[in-house]
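To keep things clear, I will list the structure first and then write my remarks on it.
The values are calculated or read from the model by the stated rules, or taken from the named source; none is laboratory data. These numbers were taken from a predicted model, which means no experiment stands behind them. Methodologically, a virtual Cβ is constructed for each residue, glycine included, from the backbone with ideal geometry; neighbour enumeration extends over all protein chains shown. Protein only, heavy atoms only, side chains kept; ligands, DNA and RNA dropped before computing areas. Shrake-Rupley method; radii C 1.70, N 1.55, O 1.52, S 1.80 Å.
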Amino acid sequence: MTPSFLVRTALAQGPKGKARPIVIALFQRGAVDGISMVVPFGDPNYRSVRPQIAIQSPIDLDGFFGLHPSLISLKPIYDEGHLAIVHAVGSPDNTRSHFDAQDYMESGAPGNKGVSDGWMNRYLQAKPDCAATPFRAVAFSTNLPRTLMGPAPAVAMTRLGDFGVRAGAASDSLAGAFEAMYGHDATGRETFGAVNMLKRADPQQYAPDNGATYPTSPYGQALLQIAQLIKSDVGLEVAFADIGGWDTHANQGNERGQLSNRLREFGDGLAALYRDLGDRMENVVVITMTEFGRAIRQNGSGGTDHGHASALFAFGGPVKGRKVYGKWPGLAPDQLFEGRDLALTTDFRDVFSEILTKHMGAPEASRVFPSYTSTKRLGLL
């Protein structure tokens, strides 16, 4: 019997190269407060609903919106025209359950619990690649995330150095034994070829370029290893990572505090990836997401409760940046969703569809997002 990890990761080896389009998806789990992340300081109702947690000195983007000060590392990318923001974006489903909302966003089918595979896996199915490598789709997580589950092969790992047979001092001998047992059929040859491919990339000796410094957290190290895979030309096409800690029901803070610390780590990681990849960003698009936003009014604990729409970032060489996209719904009481939340004006599937079809070359978005036809063209790319 072939071990399951061999079956899961084995795909035909083939040509790779710097021209391959790549998408990196980053999930902010816990529902980030988009109103504090990308501040609508030009809205006359903004500060009155958040007397203690309003951001008083955001980084001005266009006279109406501003970045949270902890995201200062992203401002140069915005100014260079390679960072775009979409505001009042999210899932049209009105659930405030983290579990359900994350499931709907990762499946790409809001409100539909009958969809078994994820939208990134359906992209891989819709655009099969006979020359793909085992590293076509990689998630840096302990388990394969919902968005990459499905028939198309994908790999989950926490560290590149752990890919392969790990048995302490006996790793080499045990790997040799496995290869002798399973390396004679096509699946075994291709998989052990993948292990050797990664060894040649020498992940233990990787040093970021251009003075990039990644956060030392699991999130930061995941981004560093994604950069390693891209620059090693092992055929990466789809990458996924996540970062938690956004469920700020209490003591959210403003320019300082709990949310500020998370945003600093988040932005510094993105900026390090951009700097590290340098010219390789020409064919890379990074898209962020979160399951829903936060309530507009602060609560009695100095935090925010579960809301509806939020904000996301898209950046990379193909992105038409220096702009906040999407229709702003307003923060007046009669403009709020259910009288308490930022109203949704852009479905997240409109954003993802545009990236998949225009950047990744997906044949049609309807094969990725079932029962949904995208009618909005934001012009992000």
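Computed quantities for the displayed model
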{"quantity": "From 64, 27, residue being in a strand (DSSP E or B), aromatic (Phe, Trp, Tyr) and at pLDDT 95 or above", "calculated": "27"}
{"quantity": "Residue in segment 246-259 that is open to solvent by 20 Å² or more (accessible area, probe 1.4 Å), modelled with pLDDT of 95 or more and among the hydrophobic types (A, V, I, L, M, F, W, C) present", "calculated": "yes"}
{"quantity": "Matching residues, segment 129-144, being touching a helix residue (DSSP H, G or I) at 6+ places or on another chain (Cβ under 9 Å) and within 16 Å of residue 226 (Cα to Cα)", "calculated": "133, 134, 135, 136, 137, 138, 139, 140, 141, 144"}
{"quantity": "Failed item in (1) crowded, with 24+ Cβ neighbours inside 10 Å; (2) under 12 Å from residue 271 (Cβ atoms), with residue 90 passing the rest", "calculated": "(2)"}
{"quantity": "Selection count where residues are touching a residue at least 12 places away in the same chain (Cβ under 8 Å), open to solvent by 30 Å² or more (accessible area, probe 1.4 Å) and out of contact with any strand residue (DSSP E or B) (no Cβ under 9 Å at 6 or more places or on another chain), scope segment 346-374", "calculated": "7"}
{"quantity": "Hits in segment 338-360 - residues which are of a type outside the set (Lys, Arg) and either in a helix (DSSP H, G or I) or modelled with pLDDT under 95 (or both)", "calculated": "348, 350, 351, 352, 353, 354, 355, 356, 357, 359"}
{"quantity": "Test: residue in segment 321-330 that is open to solvent by less than 10 Å² (accessible area, probe 1.4 Å), over 21 Å from residue 70 (Cβ atoms) and in contact with a helix residue (DSSP H, G or I) (Cβ under 7 Å, 6 or more places away or on another chain)", "calculated": "no"}
{"quantity": "Residue 109 open to solvent by less than 40 Å² (accessible area, probe 1.4 Å), out of contact with any strand residue (DSSP E or B) (no Cβ under 8 Å at 6 or more places or on another chain) and not in a loop (DSSP other than H, G, I, E, B)", "calculated": "no"}
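Yes/no matrix, rows are residues, columns are (1) more than 15 Å from the chain's Cα centre (by Cα); (2) touching a residue at least 60 places away in the same chain (Cβ under 8 Å); (3) farther than 24 Å from residue 223 by Cβ:
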position	(1), (2), (3)
112	yes, yes, yes
118	no, no, no
126	yes, yes, yes
130	yes, yes, yes
133	yes, yes, no
138	no, yes, no
145	no, yes, no
149	yes, no, no
161	yes, no, no
